[in-house]
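Enquirer: Sharing a structure, written as structure tokens. Questions coming.
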Amino acid sequence: MQILSILRIEIEAFLVLLAAVLVWKLLTRQINLQGLLRRQGLATGSSPERVQLLLATLAMSANYLGSVLHSSSNSLPDISSDWLYVFGGSSAVYAAGKALTELKTPNKDLER
């Protein structure tokens, strides 16, 4: 067996075990996801900016992982500029929503 084959098997095993640990910690609630999609200060409802950023991140990650798995070369595949535009736009929407929320919220430190 070649050294590259052994190395590839070790990397794949490491990633599978890492994913298994992550899933286990999520299922046993050792990783706290409460409030992940909520705007800070809101008791109910979710933040559309956070939801779309999460979905864009998951879509881009799945696309890139698929490219890596189907790549026959020994190098990482390039990221499409379209995906970079989608991710950049998604991040900009999140940042703009966060900025607007912060501007609307009165700063209690300045009022003292």
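For (1) modelled with pLDDT of 85 or more; (2) small (Gly, Ala, Ser); (3) closer than 21 Å to Tyr94 by Cβ, each residue gets a yes or a no:
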{"site": "Arg8", "(1), (2), (3)": "no, no, no"}
{"site": "Val23", "(1), (2), (3)": "yes, no, no"}
{"site": "Leu33", "(1), (2), (3)": "no, no, yes"}
{"site": "Leu36", "(1), (2), (3)": "no, no, yes"}
{"site": "Tyr64", "(1), (2), (3)": "yes, no, yes"}
{"site": "Leu69", "(1), (2), (3)": "no, no, no"}
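Enquirer: Has segment 82-89 got at least one residue that is at pLDDT 90 or above and over 15 Å from the mean Cα position of the chain (by Cα)?
Expert: The answer is yes; a qualifying residue exists.
Enquirer: Based on this model, can you work out whether Val86 counts as over 27 Å from Pro106 (Cβ atoms), of a type in the set (A, V, I, L, M, F, W, C), touching a residue at least 24 places away in the same chain (Cβ under 8 Å) and assigned by TED's automatic domain parsing to the domain that holds Thr105?
Expert: yes
Enquirer: Which residues, taken from segment 38-52, are at pLDDT below 90 and touching a Phe, Trp or Tyr at 6+ places or on another chain (Cβ under 8 Å)?
Expert: Matches in segment 38-52: Glu49, Arg50.
Enquirer: Looking at Leu33, Leu37, which one is loosely packed, with under 10 Cβ neighbours inside 10 Å, in a loop (DSSP other than H, G, I, E, B) and of a type in the set (A, V, I, L, M, F, W, C)?
Expert: Leu33 is the lone residue from the list that is loosely packed, with under 10 Cβ neighbours inside 10 Å, in a loop (DSSP other than H, G, I, E, B) and of a type in the set (A, V, I, L, M, F, W, C).
The values are calculated or read from the model by the stated rules, or taken from the named source; none is laboratory data. What you see is a predicted model, and the numbers here were worked out from it, not measured in a lab. Methodologically, a virtual Cβ is constructed for each residue, glycine included, from the backbone with ideal geometry; neighbour enumeration extends over all protein chains shown.
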